[in-house]
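Have a look at the structure below, then the notes.
The values are calculated or read from the model by the stated rules, or taken from the named source; none is laboratory data. Note that this is a predicted model, so its numbers are computed, not measured. Quick reminder, even Gly has a Cβ in these numbers, built from the backbone with ideal geometry, and neighbours come from all protein chains shown. The accessibility values were calculated without ligands, DNA or RNA, using every heavy atom of the protein model including side chains. Shrake-Rupley method; radii C 1.70, N 1.55, O 1.52, S 1.80 Å.
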Amino acid sequence: MTHSFADIAFTPAVQSLQERYGSRSQYARMQAKAGPAELGAYESEFLTAADSFYLATVSETGWPYVQHRGGPRGFLKVLSSRQIAFADFRGNLQFVSAGNAAGNDRASIIVMDYARRRRLKLLGHLRFVAVAEADPVLVRQIELPGYRARVERVALIDVAAFDWNCPQHITQRCTLDQVEEAAKPLRDRIAALEEELRAARTAVPTLRSAVADW
């Protein structure tokens, strides 16, 4: 846990509940030992391997909104230890997240790895920049050659804090690609055994003919 995450998330009301239910001293010790809110190699690897995440924003009327964002593996980019970005594809033109961010740039994302039961949550400041107005270098960084969706904006998040959640209650799930990868050795083995079986069946008539001739 980073200092910043606890400083932001553990409001007086949160700390009051922690005191009431006996977890405040534990979290206070963790907070005292925590490091700065800078993404390290482990977080960067985790984020760039993701193919989806959940994005939460808040409207000017105070209502929260949670949206699923997805794309090919690697569409979430780590630009630095303090900033991440992703391609904002053309969608249903509701612009709820973009509109919320225009009025209140505070945002939260949760990135899941169901197969390995890992979960990373981040707090940060979100802004959307139209591709036509963005730095061309930045656009090239978030481009996804060959992907079917049209990129209309660059979404930038300046990371204010992050924290890893425990794996408890994360139901293990795998993507089709992960299932295919896990099943490949089995399929290769089945193919090899089938080839051996075909070779054995071919050899039986030959053996019978040789015995008859003898």
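Structure notes:
- Considering only alpha-carbon pairs that sit under 8 angstrom and 6 or more positions apart, the relative contact order computed for the chain is 21 percent.
- Evaluating 6.51 cos²θ - 1.76 cosθ + 1.60 at θ = phi - 60° for every residue in the stretch 175-183, the Karplus couplings come out as 6, 4, 4, 5, 5, 4, 5, 5, 7 Hz, glycine and proline recorded as x.
- Surface accessible to a 1.4 Å probe, per residue, for the residues of the chain, Å²: 64 Å²
- Estimated FRET transfer efficiency (ASN104, ARG173; beta-carbon r; R0 30 Å; 0.05): 0.40
- Residues of the stretch 27-62 with amide N under 16 Å of a point placed 7 Å along Cα→Cβ from ALA13: 58-59, 61-62
- Sequence-ordered 3J(HN,Hα) estimates for the stretch 39-45 from the Karplus curve with 6.51, -1.76 and 1.60 and θ = phi - 60° stand at 5, x, 4, 5, 5, 4, 4 Hz, glycine and proline given as x.
- In range of the label at ARG82: residues from the stretch 37-67 whose backbone nitrogen is under 16 Å from the point 7 Å along Cα→Cβ: 37-40
- Applying D = kT/(6 pi eta Rh) to the chain, where Rh is the Kirkwood radius over alpha-carbon pairs, T corresponds to 25 °C and eta to 0.890 mPa s, the Stokes-Einstein value obtained is 118 µm²/s.
- Three semi-axes describe the equivalent ellipsoid of the stretch 72-145; taken as square roots of 5 times the Cα gyration tensor eigenvalues and ordered largest first, they are 21, 17, 14 Å.
- Sequence ranges 152-161, 30-39, ranked by mean other-Cβ count within 10 angstrom, highest first: 152-161, 30-39
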